[in-house]
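Novice: There's a structure below that I have some questions on.
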Amino acid sequence: QYITYNESLIKKKFPPVIFNIDSERVRLFSKATGETNPVYFNKKIAKSKGYPSLLTPPTFLTVVVNEVNYPFKYISDIGIDLNRILHAGQTYRYHHLIYAGDTITMESQIIDIYAKKNRTLQFLEFKSLYTNQNNQLVSESNSTLVARF
């Protein structure tokens, strides 16, 4: 199955994902990623540094995507066999800090589809916008998936 140049998929938007960030999830993620800064673990210390709650580590937003099985949903929505998918990269651009207690809404869409290596590799580029409970844009991400054919 070839998805290249299927213009109906470019600009395809996916339903928003809403995620409530709790302190325990921030602590677990911080520990799993080797963080040592106490602002990720101790609310009292975080508040003493001027934060309203625990600060989330920079890559914490990956939890939002993975928590609700979202990557598999959008891949299956566009008809690609999951066994053919590789994650090729992801970048984040942050606009505001994110804290435990925030409610994050992620809205994503496909922004490009192209092929390489005689159409045996199909690339899908996604852009996601993350807003908090105040409808404030906190981050943007660009991610690329590759489907092997």
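Novice: Since Val138 meets every condition but one in (1) under 29 Å from Pro52 (Cα atoms); (2) modelled with pLDDT under 95; (3) surrounded by 19 or more Cβ atoms within 10 Å (Cβ to Cβ), which condition does it not meet?
Specialist: Of everything listed in (1) under 29 Å from Pro52 (Cα atoms); (2) modelled with pLDDT under 95; (3) surrounded by 19 or more Cβ atoms within 10 Å (Cβ to Cβ), Val138 misses just condition (2).
Novice: Separate question: Would you check if Gln122 is surrounded by 14 or more Cβ atoms within 10 Å (Cβ to Cβ), in contact (Cβ under 8 Å) with a residue 60 or more places away in the chain and over 17 Å from the mean Cα position of the chain (by Cα)?
Specialist: Numbers: surrounded by 14 or more Cβ atoms within 10 Å (Cβ to Cβ): yes; in contact (Cβ under 8 Å) with a residue 60 or more places away in the chain: yes; over 17 Å from the mean Cα position of the chain (by Cα): yes.
The answer is yes for Gln122.
The values are calculated or read from the model by the stated rules, or taken from the named source; none is laboratory data. Remember, it's a predicted structure, so these values are computed and weren't measured experimentally. Glycine gets a Cβ as well: all are built from the backbone with ideal geometry, and neighbour counts include every protein chain shown.
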